[in-house]
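This report concerns only the one structure given below.
The values are calculated or read from the model by the stated rules, or taken from the named source; none is laboratory data. These figures come from a predicted structure and were not determined experimentally. So basically every Cβ, Gly included, is an ideal-geometry build from the backbone, and we count neighbours across all protein chains shown.
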Amino acid sequence: MLSAVERKIEQFIADLNDKEISGLYAQLPHGKRLRAKLILKIAGNSLLVVKTAAIVEMIHAASLLHDDVIDDAYTRRAKPSLNALYGNKTAIMLGDILYSKGFLELNNISPDVAKMISNAVVELSLGELKDVSLSQTFNLDKEVYLEMIYQKTASLMEASAGAAALLAGKSKEAYMTYGRNLGIAFQMIDDLLDITADAATLGKPALHDFEEGKTTLPYIYLYEVLDREEKEKLRSMHAKNLSEKEQLWIKMKMREHQVIQKSYEEAKVLIVEAIALMNDRGEDALSSIAMQMIERDF
């Protein structure tokens, strides 16, 4: 039923009656539509559910457009980003239009669903700002990092699952926990892939996060186990373009101290909890989606 979601998004865009917007949106990569999949698996494929899934995916697309501008990212999924092709102003305005249209259409769903998703977008925006602020420092506070990725990534996943549960008449608490765990684990795995995957797979340079000033979980764990001299060396590399030698040193130290595996296991704990919650409710499809999260390689 993802095809129905795609058609509904296209209809929402067509409603704007603007050829430029239609042309720009057509160039955006669709991605995995993970949030839409969750909503459909939880709540079925009624028109109201399909509309909700389409709205959430529009909101997610808007957040990515803004994210690419903030991060000076010129590729997305190995293709030029919209800001690279048309400039930051166009990317920001398209993001604003998608947000605005999404909020407008939320009014046609239900007050409770609208409130839940709108609140998640507030959290998402707070998380994006926090991500920018943290990039100005060498953050070593794991709890601050976890709060940021909850807001920036997991909040919309949590709201998607919760909204779907509301539409399906199911108890929302377990589904929201599932969505939250999935979102946090998703971002943790993304942060790991920035270190372990090659540039061709990532569609961006390897170790890009650290060069952008982001100290994700593996760097926090690595810093904890380095000696004083190595700590200073790692700090000196923060938020700068890394040479091949420096990249190799970071990866070597992470292997030496099994930092990648430790971070991966932390993400896995969240996924195992999410799977258990869904298994208890006979939601096999949701358990399968969660398992794919920790097995993905891009």
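Things worth noting here:
- The residue that is farthest from the chain's Cα centre (by Cα), among those in region 221-251 that are outside any helix (DSSP H, G or I) and not small (Gly, Ala, Ser), is ASP227.
- Filter pass, LYS32 being at pLDDT 95 or above, among the charged types (D, E, K, R) and not assigned by TED's automatic domain parsing to the domain that holds GLY162: no
Residue-wise test of (1) within 13 Å of the chain's Cα centre (by Cα); (2) modelled with pLDDT of 95 or more; (3) not charged (D, E, K, R).
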| position | (1), (2), (3) |
| --- | --- |
| SER110 | no, yes, yes |
| ASN119 | no, yes, yes |
| GLU128 | yes, yes, no |
| ASP131 | yes, yes, no |
| LEU134 | no, yes, yes |
| PHE138 | no, yes, yes |
| GLU143 | no, yes, no |
| MET148 | yes, yes, yes |
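- Being surrounded by fewer than 17 Cβ atoms within 10 Å (Cβ to Cβ) and outside the structural domain of PRO205 (by TED's automatic domain parsing) is a property that holds for LEU104.
- In this structure, ALA197 does not qualify as touching a residue at least 40 places away in the same chain (Cβ under 8 Å), buried (at least 20 other Cβ atoms within 10 Å of the Cβ) and not assigned by TED's automatic domain parsing to the domain that holds ARG33.
- Unmet criterion (only one of (1) polar (S, T, N, Q); (2) outside the structural domain of GLU6 (by TED's automatic domain parsing); (3) more than 18 Å from GLY162 (Cβ to Cβ)) for SER118: (3)
- Residue check, ILE70 aliphatic (A, V, I, L, M) and closer than 18 Å to ILE117 by Cα: no
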